[in-house]
Structures are given as C-alpha cells and as structure tokens.
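Notes follow once the structure below has been shown.
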Amino acid sequence: MTADVGTPVRMRRRGGTVAFALCGLIVLLASLSVAISVGAVGVPTNTVWGVFLNRLSPGLVEQTWSQGREAIVWDIRFPRALLAMMVGAGLALVGASLQAVTRNPLADPHLLGISSGGAFGAILALLHTGLFLGLLTVPLLAFAGALGATAIVLAVSRFADATSADRLVLAGVAVSFIVMAAANVLIFLGDPRATHTVVFWMLGGLGLAQWDQLIYPLAILCLCGAWLVSRSAALNAMTVGDETASTLGIPVARFRLIVFVVGALITGVMVAFSGIIGFVGLMVPHVVRMMVGGDYRRVLPASALVGAILLLWADIAARTVMAPEDMPIGIVTGLVGGVGFIWLLGRRRQA
Amino acid sequence: MTTAADLSVRDLSWAPARGGTPLLHPTSFDVKAGRVMGVVGPNGAGKTTLLRLLYRFHKPRTGSVSVGGDDIWHLSARDVARRVAAVLQEHPSDFALTVAEIVALGRTPHRRGFGGAAGARDRDIIHAALARLELHHLGDRHLGTLSGGERQRVMVARALAQEPRVLILDEPTNHLDIRHQLEVLELIRTLPLTIVTSLHDLNLAAGVCDDVLLLEAGTCIGFGPPRDVLTEAALSGVFGVEARREHLAPSNTDHLTFHLANKGHHR
C-alpha cells in the first residue's frame with residue numbers, strides 16, 4: 001500500500017519537472033529569438049538564427065542579409081539579450097536564496113538595499129576613482145558596495161531587533177534610502193558631463209552590453225548559481241526554522257552569512273552591468289513556487305529560467321513601447337514588479 | 001530504525017552571555033537508552049534552555065552532554081544530527097514545501113553529493129516515517145494547509161527520518177486537542193528511542209514519562225520517577241499553587257489537581 005501510494009506521485013512530479021524544464025527552455029529560446037529580431041530595425045527570425053549558426057560554423061547558412069543587419073544582430077542585440085538573461089537569472093537566484101535564509105517571502109536584493117549598495121560602488125568607480133583596476137573596477141566596487149549595504153542591513157536589523165519578516169524589509173528599505181542618498185551625492189559631486197550617462201545607467205539598461213565583457217557576469221552566475229543549487233537541501237531546511245535547521249546539522253549563522261555574501265556578489269556584478277533592476281528577485285521565486293512547488297532543488301533552476309525569460313520580455317517591452325527610444329528597463333520591471341508586490345501583499349493577507 | 005542511546009548530562013549550565021545571569025544552573029542527570037524523560041516547570045524555568053543544550057543549539061557554559069558516550073561538542077554538527085533529532089515549536093514559513101518534502105529534510109545529515117540527491121534507501125526511510133505517522137495520504141499536501149495535529153505529526157515524521165538515537169520534543173502537545181495529545185503521547189511511549197520532552201501538563205508528564213526533571217528558575221529541584229518528584233509539596237512550592245494528589249476511582253489512577261493557594265481554603 002505504502003509504495004503504491006507514493007510512487008506514482010513521485011513519478012508524476014518528476015515527469016512534470018522534465019516537462020517544465022523542456023517548456024521553459026523552448027520559451028527561453030523563442031523569447032531570445034523575439035528579443036533579437038524586435039527593435040528599431042526589424043530583423044526576420046531566420047536571419048537571427050542564420051547569423052547565429054554562421055558564427056558557430058561559418059558558411060553553414062547562405063548569407064542573404066546585409067553586413068549592417070549582421071552587425072545589429074551579432075554585435076548589439078545578441079550580447080544585450082544574453083546580458084538580459086544573465087541578469088534576470090542572477091537576480092531571481094539571489095531573491096529565492098535570500099527568501100529561504102531569512103524565511104522572508106519579501107526578501108529581494110532591491111528591497112534589502114543590496115542593489116543600492118552595488119549602485120553606490122559602481123558610481124564611485126565610474127565618476128570618482130577611475131578604472132584603477134581596469135575593466136573589473138566597476139564590478140568589484142559594485143560587489144564591495146553591495147556587501148557593505150548587506151552588512152549595514154544586517155546590523156540595523158539586529159540593532160532594531162528586526163527578526164520578523166516585515167521589519168527586516170523595513171530595515172532594508174531604510175538602508176536603501178540612505179545608500180541611494182549617498183549615491184546621489186556622488187553623482188552630484190561628479191563630472192556633470194558624465195552624470196547623464198550614469199543616471200540613465202542607474203535606471204536600468206542593457207544597452208552597454210558587449211561581447212568581451214559578458215564573461216564576467218557569466219562566470220559569476222555559473223559559479224554562484226552552481227554553489228547555491230548544490231546547497232538546495234540546506235536552503236530547504238532553512239525555510240523550516242533556524243533551530244530545526246541546526247538540528248539537521250546545518251551551521252545556520254555561517255550558512256546564512258555565506259548566502260548573503262554570494263547574493264551580494266551576484267547582485268553587485270549584475271548591477272555593475274545593468275544598473276538597478278528591481279523586483280525580479282522578489283516576484284520570480286513566488287511565481288516559480290506556484291508552478292514547481294517549494295523544493296529548492298527545483299525552485300533555484302526554475303527561478304533562473306523564469307527570471308531570464310522575464311527580463312528578456314522586459315527588455316523587449318523597454319525597446320518597443322517608445323520605439324525608437326530605449327526606455328530604461330528598470331521602469332518596466334518596477335511597474336510590473338510593483339503591481340506584483342501589491343498582489344503578493346493581498347495574498348499574504350489571505351493566508 | 002537505529003537503536004536508542006544513553007544520554008548523560010554532567011554539570012550542565014548556560015547563560016546568554018559571558019558573565020550574564022545563568023538561565024540554567026549546573027545540572028546532572030542520566031537517561032538510560034529507551035527511557036522517556038519529561039522536563040517540567042513553570043514558564044521561564046529553563047525548560048527550553050535545557051533542551052537547546054541537548055540538541056546542540058546552545059554551547060554549554062560548563063559541563064557536557066554525551067550521547068552514547070560521545071560528548072556532542074566533540075562531534076560535528078552533522079554527526080550529532082545523525083544521533084539527536086528534535087521536534088520544536090517553530091512554525092515553518094509557508095514556502096510551499098509538501099509534507100513528503102518536509103519529511104525528506106530528515107535525511108539531510110545523511111546525504112552527500114551535489115544538492116543532496118536521494119537514494120533508494122532514503123526513499124524507503126521517508127516512506128516508513130510517513131507510514132508510521134499515518135501521513136501517506138497527505139504526502140503531496142502543502143504544510144500550510146494542514147491542521148495543528150497533522151503538522152506536529154509531520155515534524156515527528158521528519159525527526160524519525162533522521163534515524164536518531166535520541167529524540168527531543170519541545171511541548172509536543174501544545175495547541176493539540178485531547179485526541180491528538182493522546183496520540184502524540186502514545187507515539188512517545190512506543191518509539192524505541194531515548195526521549196526527552198518538555199511538557200506543560202503535569203498529569204500527562206506523570207502518565208508518559210519514566211523519569212521527570214523538575215526545574216525552577218534554572219535549577220533542578222528533583223529528578224526521578226514522577227511519583228517521587230511530582231509531590232504535592234514540591235509542586236506547591238515551584239508553581240506557587242496548592243497541589244493535591246487525588247485518586248480517581250473508576251480508572252484507578254492518581255491525578256494531580258491544582259488550586260490558587262489563597263482561594264482554596266473556603267471549604
């Protein structure tokens with residue numbers, strides 16, 4: 001009786017997971033295709049994949065398109081779309097992980113002030129210190145800023161005894177305000193000619209994506225993402241409670257600290273390349289839990305997938321709503337995410 | 001299921017900070033393998049503190065806790081998690097984990113490898129724990145949709161999946177109706193493990209425990225069989241009430257009754 005009841009359930013879930021992964025990958029590729037073909041200059045889908053295939057293996061497809069089209073597809077839109085996917089996946093992973101270790105459904109790199117800290121570090125590098133460490137200056141300082149903001153939020157939440165979910169978020173929002181004020185001072189003091197670019201970048205934008213820089217967010221995403229997935233059992237245990245997780249052999253305080261540092265690393269690097277893109281980390285894990293359940297072995301990969309798809313579409317919207325103007329993507333995610341946040345509050349009230 | 005182990009506590013004390021007021025004064029006791037020990041006392045007497053020391057959440061200020069002869073602070077957290085499991089009063093936040101997934105958490109300290117993949121043996125143990133607590137039909141339900149009694153059973157199943165030798169329970173009958181209280185106590189009596197449980201209800205404690213430890217303000221007032229420790233005099237002093245041991249005729253059992261000291265004299 002026992003095995004008969006349990007096995008089909010497990011099989012069904014495993015089948016569902018595979019189906020979800022396949023559907024997700026197909027949607028991701030389709031979204032990528034749309035993201036590259038849509039824009040100020042429309043590019044047919046077969047041209048998009050023709051360019052791609054020819055880059056993989058030159059001469060595979062007969063070139064029926066102009067060099068200009070080729071440049072738009074390969075040099076501008078491909079890196080931009082790939083960056084959108086990485087940023088979406090990264091922020092969603094951070095949100096899902098922070099929600100587990102804080103047991104707080106509202107945890108999100110933006111709401112907790114981590115993104116603001118990253119922006120502060122990036123602005124410091126862009127406007128004041130100069131690129132003294134080369135190309136890595138901006139991501140490194142953004143990471144340092146994100147880590148600093150995380151430390152302040154944790155210190156404030158301890159100081160204010162903000163162990164509850166809502167108070168941790170309040171502490172994060174407060175720190176976020178302070179850090180953004182400091183970042184704005186940096187902009188105010190900076191070179192006026194550069195401020196327009198910086199402000200525009202801060203609103204969230206993927207327009208600066210270049211092939212030779214994509215390796216940094218990709219490396220961070222792969223390393224940190226793999227580490228988080230390898231710790232999914234511990235993340236599951238953390239959702240039950242600190243003491244229970246501790247009785248399961250998890251060094252709770254140290255584990256939470258490492259997850260925060262990893263979260264700051266991902267967030268800092270993503271902010272450095274794309275500016276502040278809010279609410280992806282908040283919303284995606286909730287949507288994902290409705291689709292695949294709460295087990296972090298599924299939540300983390302699914303969050304990365306859905307986050308990537310979501311940001312591709314946010315970027316498509318940002319480029320088409322006011323075409324040919326390129327609207328900052330942070331406006332799109334802020335709008336969608338803010339509405340989603342209100343929905344989440346309503347849902348929590350019912351629960 | 002693995003076998004029970006002796007639990008040995010020597011001069012155990014704890015305070016929140018160095019030089020802080022001790023919440024538990026040096027306490028020693030032994031629980032032989034397979035026995036059930038109850039921890040009783042008023043609110044704030046140090047019951048939770050003592051349990052936290054037993055499941056290695058607090059580090060003792062003095063003294064030691066040994067399970068099967070090994071000091072738990074000489075073992076890794078993971079090794080202790082394979083010997084000692086705890087059912088606590090934490091309320092899991094609703095992250096959409098199912099009953100089966102919560103129970104599977106019990107396998108965490110036994111797993112190795114990427115993401116903690118489950119083997120066939122893990123699955124058997126999870127199934128056995130679900131079956132033992134009659135939770136099979138609830139395996140796919142989210143924890144948030146269950147009643148208090150069902151949740152408590154899920155947490156016990158999760159602890160059993162850990163294959164511990166010592167099981168610690170913090171007020172396992174809290175918020176349960178009488179039927180579920182009796183079921184939890186029945187389970188405690190039948191599990192072949194060494195069990196330490198805090199209990200508010202002194203009659204339940206007297207009924208289920210082989211030994212009880214009576215705490216008052218962090219000090220052990222008595223340890224031994226319930227009849228010897230839960231005396232009218234000791235309980236009256238510790239709880240600030242008038243306690244009486246009465247004999248119930250049809251069920252032929254002793255029963256403790258309590259009255260506020262000043263109001264009981266009208267007769």
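Taking the stretch B:221-254, which residues are within 27 Å of residue B:190 (Cα to Cα) and crowded, with 16+ Cβ neighbours inside 10 Å?
B:222, B:223, B:226, B:229, B:230, B:231
Does residue A:219 fit the bill of being away from chain B (no Cβ under 14 Å), over 30 Å from residue B:72 (Cβ atoms), free of Cβ contacts under 8 Å to residues at least 40 places away in the same chain and part of a helix (DSSP H, G or I)?
Values: away from chain B (no Cβ under 14 Å): yes; over 30 Å from residue B:72 (Cβ atoms): yes; free of Cβ contacts under 8 Å to residues at least 40 places away in the same chain: yes; part of a helix (DSSP H, G or I): yes.
Here the answer is yes, as residue A:219 does meet what is asked.
Consider residue B:157 against the criteria (1) part of a helix (DSSP H, G or I); (2) more than 9 Å from chain A (Cβ to nearest Cβ); (3) more than 16 Å from the chain's Cα centre (by Cα): it satisfies all of them except one. Which criterion is unmet?
Among (1) part of a helix (DSSP H, G or I); (2) more than 9 Å from chain A (Cβ to nearest Cβ); (3) more than 16 Å from the chain's Cα centre (by Cα), the lone unmet condition for residue B:157 is (3).
Test of understanding: among B:44, B:116, B:69, which residue is at pLDDT below 90 and over 26 Å from residue B:174 (Cβ atoms)? Explain how you work it out, then say what you get.
Working: B:44 fails: over 26 Å from residue B:174 (Cβ atoms); B:69 fails: at pLDDT below 90.
Result of the check over B:44, B:116, B:69: B:116.
Check B:142, B:200 and return the single one that is surrounded by 17 or more Cβ atoms within 10 Å (Cβ to Cβ) and farther than 25 Å from residue B:67 by Cα.
Working: B:200 fails: surrounded by 17 or more Cβ atoms within 10 Å (Cβ to Cβ).
Matching residue, one of B:142, B:200: B:142.
Could you list all residues from the stretch A:313-337 that are more than 29 Å from residue A:232 (Cβ to Cβ) and surrounded by fewer than 21 Cβ atoms within 10 Å (Cβ to Cβ)?
Hits for the stretch A:313-337 are A:317, A:320, A:321, A:322, A:323, A:324, A:325, A:326, A:327, A:331, A:334, A:335.
So if I check each of A:305, A:300, which one is in a helix (DSSP H, G or I) and within 14 Å of chain B (Cβ to nearest Cβ)? Explain how you work it out, then say what you get.
Details: A:305 fails: within 14 Å of chain B (Cβ to nearest Cβ).
Just a single option satisfies the conditions, and that option is A:300.
Taking helices (runs of 4 or more DSSP H) that do not extend beyond the stretch A:223-275, which have at least 3 residues that are away from chain B (no Cβ under 14 Å), under 23 Å from residue A:213 (Cα atoms) and not acidic (Asp, Glu)?
On the way: elements: A:232-240, A:242-247, A:252-274.
Correct list: A:252-274.
Scan the stretch A:46-56 and give yes if some residue there is modelled with pLDDT of 85 or more and touching a Gly at 6+ places or on another chain (Cβ under 8 Å), otherwise no.
no
Determine whether the stretch A:297-312 contains at least one residue that is surrounded by 23 or more Cβ atoms within 10 Å (Cβ to Cβ) and charged (D, E, K, R).
No, the stretch A:297-312 contains no residue that is surrounded by 23 or more Cβ atoms within 10 Å (Cβ to Cβ) and charged (D, E, K, R).
Under the condition of being touching a residue at least 40 places away in the same chain (Cβ under 8 Å) and among the β-branched types (Val, Ile, Thr), which residue from the stretch A:129-160 is farthest from residue A:172 (Cα to Cα)?
A:138
Suppose the filter is in contact with a strand residue (DSSP E or B) (Cβ under 6 Å, 6 or more places away or on another chain), among the hydroxyl-bearing types (Ser, Thr, Tyr) and either within 14 Å of chain A (Cβ to nearest Cβ) or under 19 Å from residue B:209 (Cα atoms) (or both); does residue B:62 pass it? Spell out the reasoning first.
On the way: in contact with a strand residue (DSSP E or B) (Cβ under 6 Å, 6 or more places away or on another chain): yes; among the hydroxyl-bearing types (Ser, Thr, Tyr): yes; either within 14 Å of chain A (Cβ to nearest Cβ) or under 19 Å from residue B:209 (Cα atoms) (or both): no.
For residue B:62, the condition - in contact with a strand residue (DSSP E or B) (Cβ under 6 Å, 6 or more places away or on another chain), among the hydroxyl-bearing types (Ser, Thr, Tyr) and either within 14 Å of chain A (Cβ to nearest Cβ) or under 19 Å from residue B:209 (Cα atoms) (or both) - is not met.
Keeping to the stretch B:139-154, report how many residues are in a helix (DSSP H, G or I) and modelled with pLDDT under 90. Even if it seems obvious, please write down each step before you answer.
Just the residues of the stretch B:139-154 that are in a helix (DSSP H, G or I), to begin with: B:143-145, B:148-154.
Checking which are modelled with pLDDT under 90 leaves us with B:143-145, B:148-153.
Number of matching residues: 9.
Sort out which residues of the stretch B:144-154 are farther than 18 Å from residue B:173 by Cα and either under 16 Å from the mean Cα position of the chain (by Cα) or facing chain A (nearest Cβ under 9 Å) (or both), and write them in order of number.
Across the stretch B:144-154, the qualifying residue is only B:144.
Would you mind stating whether residue B:174 is in a helix (DSSP H, G or I) and surrounded by fewer than 17 Cβ atoms within 10 Å (Cβ to Cβ)?
no
I'd like to check something: does the stretch A:172-183 contain any residue that is part of a helix (DSSP H, G or I), modelled with pLDDT under 80, buried (at least 16 other Cβ atoms within 10 Å of the Cβ) and in contact with an Asp or Glu (Cβ under 9 Å, 6 or more places away or on another chain)?
Of all residues in the stretch A:172-183, those part of a helix (DSSP H, G or I) come to A:172-183.
Then drop every residue that is not modelled with pLDDT under 80, which leaves none.
Looking through the stretch A:172-183, none of the residues is part of a helix (DSSP H, G or I), modelled with pLDDT under 80, buried (at least 16 other Cβ atoms within 10 Å of the Cβ) and in contact with an Asp or Glu (Cβ under 9 Å, 6 or more places away or on another chain).
Hey, among B:9, B:31, B:40, B:36, which residue is assigned by TED's automatic domain parsing to the domain that holds residue B:211, of a type in the set (Val, Ile, Thr) and either farther than 19 Å from residue B:199 by Cα or surrounded by fewer than 18 Cβ atoms within 10 Å (Cβ to Cβ) (or both)? Let's see the steps before the verdict.
Numbers: B:31 fails: either farther than 19 Å from residue B:199 by Cα or surrounded by fewer than 18 Cβ atoms within 10 Å (Cβ to Cβ) (or both); B:40 fails: either farther than 19 Å from residue B:199 by Cα or surrounded by fewer than 18 Cβ atoms within 10 Å (Cβ to Cβ) (or both); B:36 fails: either farther than 19 Å from residue B:199 by Cα or surrounded by fewer than 18 Cβ atoms within 10 Å (Cβ to Cβ) (or both).
Result: B:9 is the single residue among B:9, B:31, B:40, B:36 that is assigned by TED's automatic domain parsing to the domain that holds residue B:211, of a type in the set (Val, Ile, Thr) and either farther than 19 Å from residue B:199 by Cα or surrounded by fewer than 18 Cβ atoms within 10 Å (Cβ to Cβ) (or both).
Would you mind finding the one in B:49, B:21, B:3 that is closer than 30 Å to residue B:227 by Cα and away from chain A (no Cβ under 14 Å)? Before the answer, list the steps.
On the way: B:49 fails: away from chain A (no Cβ under 14 Å); B:21 fails: closer than 30 Å to residue B:227 by Cα.
Of the residues listed, the single one that is closer than 30 Å to residue B:227 by Cα and away from chain A (no Cβ under 14 Å) is B:3.
The values are calculated or read from the model by the stated rules, or taken from the named source; none is laboratory data. Treat the numbers as computed from the prediction; the structure is a model and nothing was measured. All Cβ positions, even for glycine, are placed from backbone atoms using ideal geometry, and neighbour counts span all protein chains on display.
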